[in-house]
Structure formats: structure tokens, C-alpha cells
1. When both residues are 6+ apart or on different chains and their Cβ atoms are under 7 Å apart, which pairs have a first residue that lies in the stretch 287-301 and is without any contact (Cβ under 8 Å) to a residue 12 or more places away in the chain, and a second that is among the small types (Gly, Ala, Ser) and surrounded by 15 or more Cβ atoms within 10 Å (Cβ to Cβ)?
2. Which of the following residues is of a type in the set (A, V, I, L, M), closer than 29 Å to GLU156 by Cβ and at pLDDT 90 or above: VAL262, VAL302, VAL323, VAL311?
3. Inside the stretch 201-226, can you point out the residues that are under 21 Å from VAL418 (Cβ atoms), small (Gly, Ala, Ser) and in a loop (DSSP other than H, G, I, E, B)?
4. State whether the residues of the stretch 82-104 include one that is under 30 Å from GLU181 (Cα atoms), of a type outside the set (A, V, I, L, M) and either in contact with an Asp or Glu (Cβ under 6 Å, 6 or more places away or on another chain) or modelled with pLDDT under 85 (or both).
5. Taking the condition of being surrounded by fewer than 17 Cβ atoms within 10 Å (Cβ to Cβ), touching a helix residue (DSSP H, G or I) at 6+ places or on another chain (Cβ under 9 Å) and within 21 Å of SER394 (Cβ to Cβ), how many residues in the stretch 332-357 meet it?
6. Mind counting the residues in the stretch 382-415 that are of a type in the set (D, E, K, R), part of a strand (DSSP E or B) and closer than 21 Å to PRO370 by Cα?
7. Of all residues in the stretch 59-81, count the ones that are surrounded by 13 or more Cβ atoms within 10 Å (Cβ to Cβ) and closer than 30 Å to SER167 by Cα.
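The values are calculated or read from the model by the stated rules, or taken from the named source; none is laboratory data. Values in this document were obtained by computation on a predicted structure and should not be read as measured data. Positions of Cβ are generated from backbone atoms using ideal geometry, with glycine treated the same way; all protein chains shown enter the neighbour counts.
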Amino acid sequence: MKKILLTILAVAAVLTSCKKEVFPERPSGKGILTFTLGCDESGYIEVKSSDTQVDMSNFNITVYKLEDEHGEASDWTKSWLYSEFPESVELAPGKFLITAVSPETRIVGWDAPKYYGEAEFTIVEDVVTPVEVVCALSNMKVSVKLTDNFIGELSEYVISVTGDYASGRQSLEWTQADFTEGNMSSKAGYFDVAPLTVKITGKRAVDGTSPIPVTYEIKDGQARDHHILNIDAVVTGTANVLSLSVSNEVNERDEDINFGGVPEVPVPDEDEEDSGEQLPEKPYMDWATNSTFSTVNIADVVAGNADANLVIYAAGGIKTLNVWVSENFQEIIDGLTGNDAEGNKLHCLDLVNDTTLKANLMTFGVTSLPMLEQVKDQTVVQFPLTDLVTLIRSTGFPEGDYVFTLELEDNSNQKYEVSLTFYNPAY
């Protein structure tokens, strides 16, 4: 571990010539505190993108007395800036806690590391007690690294990272302007410890189309984590393929995210050429008011300032259409669905085969969602999710993100999948 150590007092012999600060809790019987402050700057933590040296002069140092020498609790406390900390401190015997906190207060920010350290110690009469406090990163760092393939495929892109806090959601965004010196972002974001949601949107360089956004969640972040988002664009014959892997090494965490939905130009195989058969256009969806499929605020939908009305295009005719929901909305979906052909309980909205679904949805006022013959074998389907989405708010579900994943397969066995995120704000 590399440490930057600033020593106020190293040995007791120096005390005779040093500035002292005395706290007269009792007329006699003092012990002496010597204090060393350091900052953990391990190799996997870059403190700032432009400066790796920590200025500790404005760190707030606080000494708390926990117990006196007889074990009685105490509420005595004293604070200093580190630059003003005395060269020696005389204290009455007892148990103490010393803390060091960096001055940064932002919950989320660029180049905004926070540091914290503490140590308990005991003062004994006429004894010099050396105490060393090493501060470590108390929030999380996020960096973004793009592959050459991603940069070549996308002419415009936004990578947003959002932290979910009791005081509300806070976000930072990276764009192409942040990658002018290579594949690693020129700036780093810092987040207080909380679940993080990464969302990637963009436009293809070749034709300006917008692949389906990718959403990735980091649920188990901890202080000192450095999340490195390694983002690639997958050029594939199957649209919207998403491959995720997470490798955790100590505190440096590579989050590998593949940006799917960048289909390559199809090349027919020999069998297709020999048979003369040509597959119909692959299924896709369009959202007129939200072409990038970004997160929509449910309160805006309720107020009529946004909608969740999509259109499904399936030139080969729809064979199956299922809607899955995130776990926080699963309970109500399970109460609406029937059984599959084998009699097993359905845990998604099967809009082609579930004959009980329509009547159950109507009890909640969801009347506009197409199903059964309105969906099966259709090539164009108006697909308004608005009634179902607003049900989240009208039935009092808690604040948070609610994800709807639509899975479609056409009669040529071509598949399409997209996840739509709706945010329910506090009431």
C-alpha cells in the first residue's frame, strides 16, 4: 500500500520544543497524543484524473472522548482542520476516537473523491500515545473505456450513470467529447455508495439509426470500488444481443458491457441461396415520442406529458409476444396471468395464448393492450403500454425503476427483445 504520510509529531523527545494544546479536564494526570495522518492511494485508485496527490490540509480532524479512565461515558469532543492541528495534545486518561474526513460534500460529481479514516486509542497518564490514521476512499469511482469497435460503429452516444439515493436520483453523463485522447474517458465520476444504473444510447455512424438502449445495473457497490465500464458494440446478425460479465478483483471492478442492437449486413448462407428463400425483415419496435428508448417518468405519463405507446412491426407475422417485468412489479403480474398449455403458472404476460389475461387486466382498467387474435400473425400492431405503466403509480407501488422486457418471435423464428425502463418518483 502506498501512503502519503504527513507527520505532526514522531517521537516524544520533540515534545519539549513543540506547540502544545492542553485540555484541562482535571488538574493533573495527563497523557499525550501524537498524531500521524495518511491517505491510502493504492495503485487501483487514481484520486483525480488530473492530480494523484491528495491535499489533506483541509481534512477535518475530530477527537471524541468515549470513556474516562473509570469507564464512564463522555461526550467531550474537539475538532480542527488538519493544517491547524496542534503539535501536541494533552488529554486526560480514557478511551478516545479520532476521525479524519475530507471536505468534499457532493453526493455525485466529477473528480470528487471523498476520504475517511478513524482510529480508537487509549490515553494513559504520563504516556505518549502515537496514533496513525490512514484515510481511504469512502465513495466509488466510475471510469468509462470504449473499444475501437464501439467508437467506429457509433457516431453519437451517451453513457449515463445514475445513483439511487434517499434524497433522489443523481446522474453523470459521458459523451464522445470525453474521449478525445483515446478510448479511456478523460474524466472520472464519483458516487456515494448506492446501487448504480448504467444506460447507453447512441446512433450508428453508417445510417444514423438508434440501436436499442442497453441498461446495466451495479447493485453491490462498496466504498473504494473503482468501476471500470468496458463498453463494446456487438455487430451481430441477431439484433439486441446483450452479453454481460463482471469480474471483481479486490476493489477494481471491470464491468464489461456489450452494446447490442447493431445488426450487421446479412449475408445469405449457401442453403438460402440454393433454395431461393429470403427471410422477411426482422421484427422491431418504434416509439414515436421516445426514439432512443430512454427512461420515462411515470408521473409524466400520468400527467399526459409523456406516453408509452409503441408500434410493433413484424413482416413475418407475430408467433409469440411476451411481456416480462422487473421483480418489484412481479407480484401484480402473477395475479393477472393464467396457465400455459401444460397447466403451469405463467409469470409473464403471454399476449398470444393466455385467454384469461384480458378479463383480469380489465379489472384494473387496462383495456387498450392488444392480445390473442389482435396480436397473433399480425404484421403491424399498435402497442400502447400506457395503461399498464400508469397502474404502477395508481396502485401505490414504491419509488424506483420498473423494467418491462418485451420478447417477440415471428413465424420465421426471428426474435426481437427490448427492455423499457419507467421511473416511478416519490409521491
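1. Sorted first by the residue in the stretch 287-301, then by its partner, the pairs are ASP300/ALA306.
2. On the way: VAL262 fails: at pLDDT 90 or above; VAL302 fails: closer than 29 Å to GLU156 by Cβ; VAL323 fails: closer than 29 Å to GLU156 by Cβ.
It is VAL311.
3. Within the stretch 201-226, GLY208, SER210 meet the criteria.
4. Taking the stretch 82-104 and keeping what is under 30 Å from GLU181 (Cα atoms), we get 104.
From what is left, the residues that are of a type outside the set (A, V, I, L, M) are 104.
Checking the rest, the ones that are also either in contact with an Asp or Glu (Cβ under 6 Å, 6 or more places away or on another chain) or modelled with pLDDT under 85 (or both) come to none.
Checked against the condition, which is being under 30 Å from GLU181 (Cα atoms), of a type outside the set (A, V, I, L, M) and either in contact with an Asp or Glu (Cβ under 6 Å, 6 or more places away or on another chain) or modelled with pLDDT under 85 (or both), the stretch 82-104 yields no hits at all.
5. Summing the residues that are surrounded by fewer than 17 Cβ atoms within 10 Å (Cβ to Cβ), touching a helix residue (DSSP H, G or I) at 6+ places or on another chain (Cβ under 9 Å) and within 21 Å of SER394 (Cβ to Cβ) in the stretch 332-357 gives 2.
6. Looking only at the stretch 382-415, we keep the residues that are of a type in the set (D, E, K, R), and these are 387, 393, 399, 401, 407, 409-410, 415.
Now drop any that are not part of a strand (DSSP E or B), which leaves 401, 407, 409-410, 415.
With the extra rule that they be closer than 21 Å to PRO370 by Cα, the set shrinks to 407, 409-410, 415.
Qualifying residue count for the region: 4.
7. In the first step, residues of the stretch 59-81 are kept if they are surrounded by 13 or more Cβ atoms within 10 Å (Cβ to Cβ); the result is 59-69, 74, 76, 78-81.
Next, from what is left, pick out any that are closer than 30 Å to SER167 by Cα: 59-64, 78-81.
Going through the stretch 59-81 one residue at a time, the tally reaches 10.
Residue by residue, here is whether (1) out of contact with any Leu (no Cβ under 8 Å at 6 or more places or on another chain); (2) over 19 Å from PRO113 (Cα atoms); (3) assigned by TED's automatic domain parsing to the domain that holds ASP55 holds:
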position: ILE151; (1), (2), (3): yes, yes, no
position: LEU154; (1), (2), (3): yes, yes, no
position: ILE159; (1), (2), (3): no, yes, no
position: TYR165; (1), (2), (3): yes, no, no
position: TRP174; (1), (2), (3): yes, no, no
position: GLY182; (1), (2), (3): yes, yes, no
position: ALA188; (1), (2), (3): yes, no, no
